[in-house]
Protein chains: 2
Amino acid sequence: MRQDPDGPHLRSGQVARRAGVNPQTLRYYERRGLIAEPARSPGGHRAYPPETVTLLTVIKAAQRLGFTLDEVAELIDTGRRGHPTPDLRARAQAKIAEVDARIADLTTIRTALTQVVTAGCDSLTNCTCPDCPLPYAGLATGRTPAEDRPS
Amino acid sequence: MRQDPDGPHLRSGQVARRAGVNPQTLRYYERRGLIAEPARSPGGHRAYPPETVTLLTVIKAAQRLGFTLDEVAELIDTGRRGHPTPDLRARAQAKIAEVDARIADLTTIRTALTQVVTAGCDSLTNCTCPDCPLPYAGLATGRTPAEDRPS
DNA sequence: GGTAAGCCTGTACTCCGGTACCGGATGCAA
DNA sequence: TTGCATCCGGTACCGGAGTACAGGCTTACC
């Protein structure tokens with residue numbers, strides 16, 4: 001982890017190629033606060049330290065774990081200075097809960113779809129199959145049908 | 001299913017309230033081709049047949065099953081005239097496959113997150129835990145690190 | 001007839017993660 | 001020094017499903 005200000009800096013295209021991202025994405029991440037503003041050449045071209053490539057692969061790994069870019073930015077900040085926000089373990093646990101909830105939703109949807117298939121539904125609006133499950137493809141509608149009073 | 005053109009038409013706000021959607025959503029669905037352009041009052045206000053409320057609940061049910069609005073529009077069309085496109089059963093089966101794939105993705109993510117938690121990772125960038133799984137939170141990166149040749 | 005609620009059209013904005021395009025400047029090698 | 005690849009900043013756009021707002025007109029009720 002060298003910090004030599006005269007080290008072997010990379011240009012944006014090299015960083016992008018090595019990290020496997022679009023060059024535009026570097027500027028985007030910079031705007032989003034995920035990567036620091038790099039040094040500049042006299043002409044204004046960005047000069048990145050080589051660690052930036054590693055940082056980008058870390059960002060991509062975190063994204064694959066389901067974290068949003070805002071969350072990744074916070075996780076990076078948290079790791080850099082003390083721990084002003086909940087740490088990685090806590091956030092990973094919270095994310096697991098999110099993932100579980102999403103899986104539960106999808107499982108419910110899957111069940112309903114299976115019922116549609118096995119019942120032999122043939123139309124959304126005019127299904128002729130017996131015991132058509134479509135009207136009950138509710139999945140917690142939350143509808144209370146009493147909101148029609150003329151004010 | 002009355003089609004009486006002088007029937008008890010509803011105004012957009014009434015339809016929206018009965019179906020539990022935002023009034024703007026009606027015009028949006030009309031633009032998207034999900035609901036037909038309704039009759040108009042002499043002053044230009046939309047006058048919906050009561051079946052529109054049912055149609056909206058059908059649309060919402062189909063959305064809860066994971067269909068996009070484009071897919072819902074097609075399903076409604078398919079049901080109205082013959083079957084020029086694959087029918088509901090086939091589409092439901094395809095959707096089940098999509099859902100299964102998504103669940104598999106989430107399960108992989110869940111496993112990786114669990115590894116992060118059990119290994120006790122404490123930082124994305126400087127994890128000090130033994131056998132840190134973060135660098136391998138790969139989930140099929142597909143990276144071939146050989147794209148750096150100076151052209 | 002007055003007044004308020006509701007509706008009209010058109011346009012712009014939201015979230016999320018980027019991507020694309022533009023005209024002009026820079027870097028680098030031959 | 002020339003030529004070409006690359007980079008710059010700024011802005012606009014993608015998809016998906018809506019939501020919000022502005023400015024004006026209609027409808028309904030008293």
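The values are calculated or read from the model by the stated rules, or taken from the named source; none is laboratory data. Here the structure is a predicted model, which is why all the values come from computation and not from measurement. A quick note on method: Cβ atoms are made from the backbone with ideal geometry, for glycine too, and the neighbour counts reach across all protein chains shown. Accessible surface is based on the protein model in full, side chains and every heavy atom, while ligands, DNA and RNA are left aside. Shrake-Rupley method; radii C 1.70, N 1.55, O 1.52, S 1.80 Å.
Considering only the label points, 7 Å along Cα→Cβ from Cα, what distances in nm to one decimal separate residue A:119 from the same position in each other copy, shortest first?
So the distances to the same position in the other copies read 4.6 nm.
Quick one: with label points 7 Å out along Cα→Cβ, list the inter-copy distances for residue B:87 in nm, shortest first?
Output for residue B:87: 6.0 nm, nearest copy listed first.
Of A:59, A:109, which has the most accessible area with a 1.4 Å probe, and how do the rest follow in descending order?
I get A:109, A:59, largest accessible area first.
Let's test the formula: R0 of 51 Å, r as the Cβ-Cβ distance of residue B:51 and residue B:102. What FRET efficiency results, to the nearest 0.05?
The value I calculate is 0.95.
Provide an ascending nm list, one decimal, of label-point separations from residue B:108 to the equivalent residue in each further copy; define each label point as 7 Å from Cα along Cα→Cβ.
Spelled out, the distances from residue B:108's label point are 2.7 nm.
Tell me, for the rotation carrying B onto A, which chain B residue has the beta-carbon closest to the axis and what that distance is in whole Å.
B:103, 3
Within 10 Å of each Cβ in peptide A:69-81, how many partner chain Cβ atoms are there on average? Round it to a whole number, please.
Taking the mean over all residues of the peptide, I get 2.
Could you put A:118, B:125 in order of accessible surface area, largest first, with the 1.4 Å probe and the full protein assembly present?
Sorted descending by solvent-accessible area, the residues read A:118, B:125.
Taking the highest mean first, how do the peptides A:42-51, B:36-45, A:29-38 order by number of other beta carbon atoms within 10 angstrom per residue?
Peptide ranking by packing, descending: A:29-38, A:42-51, B:36-45.
Please average, across the residues of B:96-108, the number of beta carbons from any other chain that are within 10 Å of each residue's own beta carbon, and give a whole number.
Counting Cβ atoms of other protein chains within 10 Å of each residue's Cβ and averaging gives 4.
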